[in-house]
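Contents: one structure, followed by commentary.
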Amino acid sequence: MDEFLPRLGALEDRFEEVSKQILDPEVIGDQKRYAMLMREHRELEEIVNAFRSYLKLRAALADAKEMQRSESDPEMRELAREEIEAIEPNIERQESELRQLLIPRDPEDRKDCIVEIRAGTGGDEAAIFAGDLYRMYTRYCERKGWKHELLSLSEGTAGGFKEIVFQVSGQDVYGTLKFESGVHRVQRVPATESQGRIHTSASTVAVLPEADEVDVELNMADVRRDTFRSSGAGGQHINKTESAVRLTHNPTGIVVECQDGRSQLKNYEQALTVLRTRLFERERERIDKERAAQRKSLVSTGDRSAKIRTYNYPQARVTDHRINFTMYNLPAFIDGDIDDLVDALKLAENTEKLKTGTQS
């Protein structure tokens, strides 16, 4: 662990520097700079607190060893021995935690996110599966204590959704859900299949880190705003008033619709959040392509056309193809019990980062 001490000391120095800067009135007056420093402060605080606890444990261990070496009283030496035995496991745990905290993190991991699910190949069955995925993720959010809010939807003709977009907010939301981006394939007998044949369908999932205002410089002169009546479920008020909002970003052609809220203002604010997020993601993708030669992650989320997972109903099997991880608990998994796979994906990413020393 000693080889990491200079790096940890430098992070502590940076934490102290940032702590002073966020109290500077000049910095507070600069919204963009202040927000960036506050984010850095939050990210450094966890590792600095762990580092300081580790140093206290090391000091306590050194004192106990010195007492055991220098004391002539057998009772005091025994007390020192007991203290050493109590401290050493804690030091090992603290070292393990520090190594994990030193793994480079995607700076967006702590952000909230926008999840977009779209029916792919398979017609009505793909739309029904998109609905199953939406239910799976909302159940998972409830298990984690996260808030989820529907932004827009387009219903399938036989159930489910052609497209559904929702927002998730909570602790480390994007860092947890980012591995879900990609093509999800389902193998099962559709309800509409009279011959009992297994069909293969697919839906795509895109998980985007929610952009803050300071992340994207959006010129509102480039945005066209239209209002229209909602087409989905939601009661007479939503369907009879022009509360739905469509925003078109003229330079990129990106179109965003939000229609779930009763208030046109709320739909406008949500649409603006999604638009910023898509513009932010567009820029992230551009940067990622430039770094493609250096980035080779087992669980890369960059290619959303890649088949990442298969849900096989006859065998109650879920297989994640990126890490060759298979479980036979499909009913529980599709009900939102996905933590084991999420943890396996995080472990695969962290293991690779430890090997390469670079952030994917």
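Select from Thr273, Thr204, Thr326 the residue whose mean-square fluctuation is largest in a Gaussian network model of the chain (Cα-Cα springs shorter than 10 Å).
Thr326
Percent relative contact order of the chain, based on C-alpha pairs within less than 8 angstrom and at least six residues apart? Don't skip to the answer; put the middle values down first.
Numbers: 586 pairs, mean separation 53.8, N = 360.
15 percent.
Output ³J(HN,Hα) for segment 104-111: one whole-Hz value per residue in order, computed from phi by the Karplus curve 6.51 cos²θ - 1.76 cosθ + 1.60 with θ = phi - 60°, and x for Gly and Pro.
Once θ is set to phi - 60°, the couplings for segment 104-111 become x, 9, 4, x, 8, 4, 7, 7 Hz.
For the chain, find the longest principal axis of its Cα atoms and tell me its angle to the long axis of helix 264-290, 0 to 90°, nearest 10.
Compared with the principal axis, the helix lies near 60 degrees.
May I ask for the angle, rounded to the nearest 10°, between helix 5-21 and the longest principal axis of the chain, with both axes built from Cα atoms and the value confined to 0 to 90°?
Approximately 70 degrees, to the nearest 10.
Collect residues whose amide H, placed 1.01 Å from N in the peptide plane, falls under 5 Å from the amide H of Lys307; neighbours closer than 5 in sequence don't count.
Val183
With +1 assigned to the C-beta of every Lys and Arg and -1 to the C-beta of every Asp and Glu, and no other charges, what is the dipole magnitude of segment 2-102 about the Cα centre in debye, to the nearest 20?
On the way: 16 positive and 26 negative charges, 93 e Å.
In debye, rounded to 20, segment 2-102 gives about 440.
Counting other Cβ atoms within 10 Å of each Cβ, which trypsin sites (Lys or Arg not before Pro) in segment 137-215 have at most 10 and sit in a DSSP loop?
Details: sites: Arg139, Arg143, Lys144, Lys147, Lys162, Lys178, Arg185, Arg188, Arg197; in loops: Arg197.
Within segment 137-215, the qualifying trypsin sites (Lys or Arg not before Pro) (loop, at most 10 other Cβ atoms within 10 Å) are Arg197.
Compute the helix-to-body angle for 339-356: its Cα long axis versus the longest principal axis of the chain, expressed 0 to 90° and rounded to tens.
Result, in degrees: 60.
Step through the residues of segment 117-122 one at a time and calculate ³J(HN,Hα) from phi using the Karplus curve (6.51 cos²θ - 1.76 cosθ + 1.60, θ = phi - 60°), rounding each to whole Hz and writing x for Gly and Pro.
Whole-Hz 3J(HN,Hα) from phi for segment 117-122: 10, 10, 5, x, 6, x.
Quick one: what does P(r) look like for the chain with 20 Å bins over all Cα pairs, in whole %?
Each 20 Å bin holds this share of Cα pairs: 23, 48, 22, 6, 0.
Which ³J(HN,Hα) values, rounded to whole Hz and listed in residue order, are derived for segment 70-79 from phi using the Karplus coefficients 6.51, -1.76 and 1.60 in 6.51 cos²θ - 1.76 cosθ + 1.60 with θ = phi - 60°, glycine and proline given as x?
So the J values, rounded to whole Hz, are 9, 6, 9, 6, x, 5, 5, 5, 5, 4.
For segment 1-144, what are Rg and Dmax over the alpha carbons, in angstrom?
Looking at segment 1-144, its Cα Rg and Dmax stand at 24.4, 83 Å.
FYI, it's all coordinate maths here, none of it is from the lab. Every value quoted in this text rests on a predicted model; they were computed, and no experiment measured them. When we count neighbours, we look across all protein chains shown, and the Cβ atoms used for this are built from the backbone with ideal geometry, even at glycine.
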